[in-house]
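In what follows, a single structure is set out as structure tokens and then discussed.
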Amino acid sequence: MELGVSHGVNACRPWKGGFLGHATEHQIALVFPDTSPRGTGIAGEDDSWDLGTGAPPHPPTAHTLYFTNLGTHTGAGFYLDATNPTWSKHYNMYTYITSELPSLLRSLKVLPLDLSRQSIFGHSMGGHGAVSLYLRTIVAGAYKSVSAFAPALNPTNAPMAVKAFNEYLQGGLKEGEKWDSTCLIWEVPEGTRLNVLIDVVSAVCLRGVVIEVDARAGRGRPVL
């Protein structure tokens, strides 16, 4: 099973990538969860593309086996569990993706899903989510592999993420290091096999990410 996380419905519509046929051929279930909670009533939740829902919901599509990515722009949940009381009741995307969603899928007896062979992939904010979730759960073996396209690997140093991290987390960017892949990589036990594929597209558009990863690689530890 492939679990896809993204930064919005327009970015992760699977028919845009043309891989539905390949998934069918190889009997791979594609699961696209939403990118943030919806309709929580939190003040300011719908006001900005980089915080909260980013846009009002609209009806889901039926083009995939399981698809609940409802936002028209960016549901900016950032795949973490919020600790700021304003957001913490609803914005727990890490728990949703790693615990609640798998439980729901297991309960759907009509679908012959093998969650022991689950991988995760994502783009942009979803790339951050995919890689950080993979690294945080690597000891437990939640995912066989991770793939990411133009991921925000260093969100505590990325303009698109700093606002959300400071809002969602009581400890701000310092606490955000627990959700930052360039920090999490150092917590992976030595000798652990990493099955990771990342396409960063351009050193220009992701310059901050690339420089950070290169700097850490220079300390003698393999990075992604």
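Of the residues contained in the stretch 69-90, one or more are found to be modelled with pLDDT under 90, surrounded by fewer than 23 Cβ atoms within 10 Å (Cβ to Cβ) and aliphatic (A, V, I, L, M). Across the stretch 195-222, the qualifying residues are those that are part of a loop (DSSP other than H, G, I, E, B) and at pLDDT 60 or above, and the one among them that is surrounded by the most Cβ atoms within 10 Å (Cβ to Cβ) is Val200.
Filter the stretch 119-143 down to the residues that are polar (S, T, N, Q), over 20 Å from Glu187 (Cβ atoms) and out of contact with any strand residue (DSSP E or B) (no Cβ under 6 Å at 6 or more places or on another chain) and list them by number. Please lay out each step first, then the result.
Applying the first criterion (polar (S, T, N, Q)) to the stretch 119-143 yields 119, 124, 132, 137.
Add one more test, that the residue is over 20 Å from Glu187 (Cβ atoms), and what stays is 119, 124.
Scanning the stretch 119-143 gives a single hit, Ser124.
This table checks each residue for (1) assigned to a helix (DSSP H, G or I); (2) within 23 Å of Thr83 (Cα to Cα); (3) modelled with pLDDT under 90.
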{"position": "Gly122", "(1), (2), (3)": "no, no, yes"}
{"position": "Gly129", "(1), (2), (3)": "yes, yes, no"}
{"position": "Ala161", "(1), (2), (3)": "yes, yes, yes"}
{"position": "Gly176", "(1), (2), (3)": "yes, yes, no"}
{"position": "Ile185", "(1), (2), (3)": "yes, yes, no"}
{"position": "Arg193", "(1), (2), (3)": "no, no, no"}
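The values are calculated or read from the model by the stated rules, or taken from the named source; none is laboratory data. Quick caveat: nothing in here was measured; it's all calculated off a predicted structure. Counting neighbours? That spans all protein chains shown, and the Cβs are built from the backbone with ideal geometry, glycine included.
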